[in-house]
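Novice: Structure incoming, see below.
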Amino acid sequence: MFILSERVMRKKIVAANWKMNMTQAESARFVESLLLRDIGEITDVEVVIIPPFTAIAKVTEALGKAQNIKVGAQNMYWENNGPFTGEISAALLRDLLVHYVVLGHSERRTLFGETNEMVNRKVRAAHAAALRPIVCIGETLEQRDRGNVEKILSIQLRGSLAGLTPKELQETVIAYEPVWAIGTGRNATPQQAQEAHAFIRHILREMSDDSTADRVRIQYGGSVKPENARELMSQPDIDGALVGGASLDPRSFAQIVKAAREE
């Protein structure tokens, strides 16, 4: 594995992935509670809320003038419009004032059969529409136990980001989410997470150049909680967190955001 000894300053990014949770009313109450915890005043950490499609407009409305908190979407299709029942395009997301879109989440890959090629088409479409993709990669427990972590991460990374320009790479967020740690209560140790993040940055160097790789932000995701957030985000190559279950509670999510400031 590759461990960097020197941190390049990158603005932390902490994102709340609500998955298939939160009604419009619940979303509005969450945002109101979050803003009461002074998260709306934080400018040195980028905060992203990623609700289900049905609550995007309500979250945007509830955020009001809290410009430092961005809104994201959980998925999108690569075509701009057309006969694709059940899908949503980058253009439709832009119309909802969305800034970020999660692509290639392990649940999309395993439950809905998304391949690296499909993720790559979505990533390209997102950039074409000036959306910033959060691209998820990560190994299963079986793959880790077999010693295939680097192989899997390299394949997913190269396939999902194929053909991107240095500028597009710099505007892409990578989320390393070991599949065995998502929603299980288990999480990679800070050392395991740092090793994986450093390897990802090494592959980015091979795909582009040192300057580009040093600017790409890499989040950790997988049972991130207030109790482990600070130690994880203190690692030199971990630039934030993609938070699942703990992001459904505004108090817990606020604590994770504040932990990103304390690393």
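Novice: What full-extension length gain, to one decimal in nm, is calculated for D249 and A66 as 0.36 nm per residue of separation minus the Cα-Cα distance?
Specialist: Details: separation 183, 0.36 × 183 = 65.88 nm, distance 1.90 nm.
That pair, D249 and A66, stretches by 64.0 nm at full extension.
Novice: What pairs in K11/K258; K167/K258; K11/K225 have C-alpha atoms more than 18 Å from each other? Kindly include the intermediate steps, with their values, before the conclusion.
Specialist: On the way: K11/K258 13 Å; K167/K258 29 Å; K11/K225 20 Å.
In this structure, K167/K258; K11/K225 lie more than 18 Å apart at Cα.
Novice: At 7 Å along Cα-to-Cβ for each site, give me the label-to-label distance between T23 and T189 in nm.
Specialist: 4.5 nm
Novice: Tally up the carbon and sulfur contribution to the accessible surface of the chain as a whole percent, 1.4 Å probe, everything protein left in place. Don't skip to the end; give the middle numbers.
Specialist: Details: 5780 of 11760 Å².
After summing per-atom areas, the C and S share lands at 49 percent.
Novice: Okay, next question. Hey, rough spin-label estimate for A162 and D210, points 7 angstrom out along Cα→Cβ, what's it come to in nanometres?
Specialist: So the label points at A162 and D210 sit 2.9 nm apart.
Novice: Per residue, how much accessible surface does segment 1-117 expose to a 1.4 Å probe? Answer in Å², no decimals.
Specialist: Working: 6180 Å² over 117 residues.
Roughly 53 Å² per residue, with all protein chains present.
Novice: If you don't mind, there's one more thing I want to ask. Counting only residues 5 or more places away or on other chains, whose amide H sits under 5 Å from the amide H of N75 once H atoms are built in the peptide plane?
Specialist: Amide H neighbours of N75: V102.
Novice: Now, a different point. Would you work out the Kirkwood radius for segment 58-198? I mean one over the mean of 1/r across all pairs of different Cα atoms, in Å. Don't skip to the answer; put the middle values down first.
Specialist: Working: mean 1/r = 0.0619 Å⁻¹.
Here the Kirkwood hydrodynamic radius works out to 16.2 Å.
Novice: Over segment 183-263, with the other protein chains present, what is the accessible area per residue in square angstrom, probe 1.4 angstrom? Don't skip to the answer; put the middle values down first.
Specialist: Values: 3030 Å² over 81 residues.
On a per-residue basis, 37 Å².
Novice: With unit charges on the beta carbons (Lys and Arg positive, Asp and Glu negative) and the dipole taken about the Cα centre of segment 101-230, which residue among P178, A198, G163 sits farthest to the positive side?
Specialist: Looking along the dipole axis, the top candidate is G163.
Novice: For segment 204-258, what Kirkwood radius comes out of the mean inverse Cα-Cα distance, in Å? List each step's numbers first, then the result.
Specialist: On the way: mean 1/r = 0.0821 Å⁻¹.
In segment 204-258 this quantity evaluates to 12.2 Å.
Novice: Just to be sure I understand the model, the point goes 7 Å from the Cα along the line to the Cβ. What's the resulting H99 to T115 distance in nm?
Specialist: Placing both labels 7 Å along Cα→Cβ, they lie 3.5 nm apart.
Novice: Further, regarding this structure: Using unit Cβ charges (K, R positive; D, E negative) and no other charged atoms, how large, in debye to the nearest 20, is the dipole of the chain about its Cα centre? Spell out each step's value before the answer.
Specialist: On the way: 32 positive and 33 negative charges, 51 e Å.
Using only the charged Cβ atoms, the result is roughly 240 debye.
Novice: Heads up, I need the accessible area for E206: 1.4 angstrom probe, whole protein in place, Å², nearest 10.
Specialist: 110 Å²
Novice: I need the trypsin sites (Lys or Arg not before Pro) found in segment 101-201, filtered to DSSP loop residues with at most 15 other beta carbons within 10 Å of theirs.
Specialist: R146, R186
Novice: What ³J(HN,Hα) values, in whole Hz, does the Karplus curve 6.51 cos²θ - 1.76 cosθ + 1.60 give for segment 114-123 when θ = phi - 60°, with x put for Gly and Pro?
Specialist: 3J(HN,Hα) across segment 114-123, in whole Hz: 6, 9, 4, 5, 5, 4, 4, 5, 5, 4.
Novice: Excluding the sites themselves, what is the longest stretch of the chain that contains no chymotrypsin sites (Phe, Trp or Tyr not before Pro) in a DSSP loop with at most 15 other C-beta atoms within 10 Å? Please report the intermediate quantities before stating the final value.
Specialist: On the way: sites that count: F84, F112.
That would be 113-263.
The values are calculated or read from the model by the stated rules, or taken from the named source; none is laboratory data. Everything quoted here is computed from the prediction, not taken from an experiment. Please note: Cβ atoms are built from the backbone with ideal geometry, for glycine as well, and neighbour counts cover all protein chains shown. Protein only, heavy atoms only, side chains kept; ligands, DNA and RNA dropped before computing areas. Shrake-Rupley method; radii C 1.70, N 1.55, O 1.52, S 1.80 Å.
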